[in-house]
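Working notes for the structure below.
The values are calculated or read from the model by the stated rules, or taken from the named source; none is laboratory data. Note that the structure is a prediction, hence the values are computed from the model and not measured. All Cβ positions, even for glycine, are placed from backbone atoms using ideal geometry, and neighbour counts span all protein chains on display.
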Amino acid sequence: MAAGPTDGAPAPERKARPLRIRNAATLIIVDRSGDRPKVLMGRRHAGHTFMPGLFVFPGGRIELGDRTMPVAGTLNDRAEAALAARVHPPLFHLGRVLALAAIRETYEETGLMVGSLDYGPPETTPPGAWSAFREAGVMPDLELLQFVARAITPPSRPKRFDTRFFAVDREAVVAETPGIVGPDSELTELAWVDLAEARRLDLPRITGIVLDELEARLEAGFSPMLPVPFFRDVDGAHTREEL
């Protein structure tokens, strides 16, 4: 039998598929009641493959139920415009869904419910964590949230996310389910720390960068109309632009 064109030759190398970049959202809860603002941070379980043992803000990926969860208020126009910028192709109601994902993930990881008790419980909720909001009479209120930063995980990481960072005052926490955080949970401990203390924790690089941006935002009056920084790698270089 005649030799085939690849007989005796090394197999061609397969190019690795680029990692899928997943939409994600994070919520920074800020306590401004004292002399120095404090933020809530949680330590990730040491068994995680992504950022094990590091202190982070609560957050995670969008889930299907986030698309249908009722809300009381809407994001401001400035936030909506910034959330829609540099998104190709445009995604319908992306900002609303990301904000809801940040609120839900915060509940799942910390037990804290962000929203309002003034409107009564939502009439219906998607299956899963959102049912706890109905039972507690909490309606998510997106008007309380600020969009403060966006960052895409560098290509060298084992997982990649396009993460939007939201911030909210601690006063927006209106209910809590105890017992969520523990040694076997996604977050094994929580800490309310001022910004200087937060920087001394074991942090992912981007978390430290966002803390710097948050501090500048607080010093500028914490206005929702301030520009939103966007961090990503372009041609191998870390870049910062404003949305």
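List of remarks:
- Flag for residue 156 being without any contact (Cβ under 8 Å) to a residue 24 or more places away in the chain and of a type in the set (Gly, Ala, Ser): yes
- Considered as a group, the residues in the range 204-231 that are at pLDDT below 95 and under 24 Å from residue 52 (Cβ atoms) include one that is surrounded by the fewest Cβ atoms within 10 Å (Cβ to Cβ), and that residue is 205.
- Condition check for residue 134: surrounded by 14 or more Cβ atoms within 10 Å (Cβ to Cβ), of a type in the set (Lys, Arg), at negative phi and in contact (Cβ under 8 Å) with a residue 24 or more places away in the chain: no
- Against the numbered list (1) within 16 Å of the chain's Cα centre (by Cα); (2) surrounded by fewer than 18 Cβ atoms within 10 Å (Cβ to Cβ); (3) among the aromatic types (Phe, Trp, Tyr), residue 165 comes up short only at (2).
- Considering residues of the range 85-120 that are exposed (fewer than 14 other Cβ atoms within 10 Å of the Cβ) and in contact with a helix residue (DSSP H, G or I) (Cβ under 7 Å, 6 or more places away or on another chain) only, the residue farthest from residue 39 (Cα to Cα): 90
- Filtering the range 128-142 to residues that are assigned to a helix (DSSP H, G or I) and touching a helix residue (DSSP H, G or I) at 6+ places or on another chain (Cβ under 6 Å) leaves 130, 142.
- Filter pass, residue 52 being over 17 Å from residue 165 (Cβ atoms), touching a His at 6+ places or on another chain (Cβ under 9 Å), without any contact (Cβ under 8 Å) to a residue 60 or more places away in the chain and surrounded by fewer than 17 Cβ atoms within 10 Å (Cβ to Cβ): yes
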